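The values are calculated or read from the model by the stated rules, or taken from the named source; none is laboratory data. Predicted model, so just to flag it, every value in this text is computed and none were measured. With ideal geometry, Cβ positions are generated from the backbone for all residues, glycine too; neighbour counts draw on all protein chains shown. Surface areas here come from the heavy atoms of the whole protein model, side chains and all, with no ligands, DNA or RNA. Shrake-Rupley method; radii C 1.70, N 1.55, O 1.52, S 1.80 Å.
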Amino acid sequence: MKCVILAGGRGTRISELTKEIPKPMIKICGKPILFHIMKHYSNYGFKDFIIATGYKKNIITNFFKKKITPSWKVNVVDTGKNTMTGGRLKRLEKYLKNETFMLTYGDG
């Protein structure tokens with residue numbers, strides 16, 4: 001089953017931290033929030049991820065180019081800089097192919 005993670009927002013409520021990086025990339029214990037979310041899913045056997053990016057997407061894309069965990073399949077998709085939640089999900093339609101999937105926010 002695929003895990004969709006919404007990681008494209010601006011993070012305006014903590015703008016002092018998100019001027020340089022997107023909110024899901026804020027580090028906790030040396031790793032981005034996004035990594036911790038994915039690690040949690042992975043612990044339950046879910047390792048196929050689609051990350052819907054937008055704001056500062058290149059930072060997320062570059063992080064996953066390093067092949068963080070070989071057993072994870074990570075697809076980073078640019079869903080638009082100003083796209084709202086429903087629009088991001090709609091733009092992922094071709095990646096989901098009418099499959100059942102899990103959805104979460106990248107800052108949870």
Residue match in segment 89-98 (condition: open to solvent by 70 Å² or more (accessible area, probe 1.4 Å), more than 13 Å from the chain's Cα centre (by Cα) and closer than 22 Å to Gly45 by Cα): yes
Candidate set from segment 1-20 (those that are among the basic types (Lys, Arg) and out of contact with any strand residue (DSSP E or B) (no Cβ under 9 Å at 6 or more places or on another chain)); member that is most open to solvent (accessible area, probe 1.4 Å): Arg13
Any chance Ile50 is closer than 14 Å to Val74 by Cβ and β-branched (Val, Ile, Thr): yes
Options Asn62, Asn75, Asn58: the member that is in contact with a Phe, Trp or Tyr (Cβ under 7 Å, 6 or more places away or on another chain) and exposed (fewer than 15 other Cβ atoms within 10 Å of the Cβ): Asn75
Filter result (among the hydroxyl-bearing types (Ser, Thr, Tyr) and more than 11 Å from Ala7 (Cα to Cα)) within segment 62-82: Thr69, Ser71
Of residues in segment 21-55 being in contact (Cβ under 8 Å) with a residue 24 or more places away in the chain and part of a strand (DSSP E or B), the one most open to solvent (accessible area, probe 1.4 Å): Asp48
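Quick check on Gly108: is it exposed (fewer than 15 other Cβ atoms within 10 Å of the Cβ) and in contact with a helix residue (DSSP H, G or I) (Cβ under 9 Å, 6 or more places away or on another chain)?
yes
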Complete set of residues in segment 6-41 that are within 27 Å of Pro70 (Cα to Cα) and touching a Leu at 6+ places or on another chain (Cβ under 8 Å): Leu6, Ala7, Lys23, Pro24, Met25, Ile26
Among the candidates Leu103, Leu89, residue that is in a helix (DSSP H, G or I), over 11 Å from Ala7 (Cβ atoms) and of a type in the set (A, V, I, L, M, F, W, C): Leu89
